[in-house]
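These notes are about the structure you will find just below.
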Amino acid sequence: IFFHSEITILYIMNKEKNKMSKYILMFCAFLIYSGTTVCAKYAAMESEISFKFFLFLGLEVLTLGLYAILWQQVLKHFSLVTAMSSKGIVVIFALVWSVILFHEKVNVFNLMGAGLIILGIWRVTTDD
């Protein structure tokens with residue numbers, strides 16, 4: 001009985017670890033996707049016909065390509081509803097990037113909206 005319960009506990013722990021790694025993959029994909037907005041913002045700050053403009057435009061396309069590959073892996077492990085609902089976290093990442101990289105101001109309504117997004121993601125994904 002002890003051996004069987006130990007195997008069951010290890011199985012549950014491994015299953016939870018596997019589930020956590022899938023969520024980490026999903027949120028890493030979203031973090032990379034949020035990088036496209038950073039590249040786009042930097043490109044927008046340059047003149048249209050300049051080396052830096054095309055550099056940031058190229059980085060944006062490269063980042064989107066990497067995201068597309070990761071997104072296919074995410075869709076293997078999650079329902080479309082869960083995956084798309086969780087995509088709202090990109091807004092949170094964009095808020096963070098806007099403050100850290102572009103020194104933009106975030107107001108109370110931005111933070112309240114971010115809180116609602118997190119609450120919504122939590123609610124949708126707790127059923128999985």
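The values are calculated or read from the model by the stated rules, or taken from the named source; none is laboratory data. This one's a predicted model, so the numbers in the text were calculated from it and none came from an experiment. For neighbour counting, all protein chains shown are included, and Cβ atoms are generated from backbone atoms with ideal geometry for every residue, glycine included. Please note that ligands, DNA and RNA were not included when accessible areas were found on the heavy atoms of the full protein model with its side chains. Shrake-Rupley method; radii C 1.70, N 1.55, O 1.52, S 1.80 Å.
Some observations on this one:
- For the residues 62, 75, 57, the requirement of being at pLDDT 90 or above, open to solvent by 40 Å² or more (accessible area, probe 1.4 Å), of a type outside the set (Val, Ile, Thr) and under 22 Å from residue 18 (Cα atoms) singles out 75.
- Members of the range 98-128 that are open to solvent by 70 Å² or more (accessible area, probe 1.4 Å) and either farther than 24 Å from residue 21 by Cα or touching a Pro at 6+ places or on another chain (Cβ under 7 Å) (or both): 100, 103, 104, 105, 107, 108, 109, 111, 112, 116
- Restricting attention to the range 18-54, the residues that are closer than 17 Å to residue 101 by Cα, in contact (Cβ under 8 Å) with a residue 24 or more places away in the chain and open to solvent by 40 Å² or more (accessible area, probe 1.4 Å) total 5.
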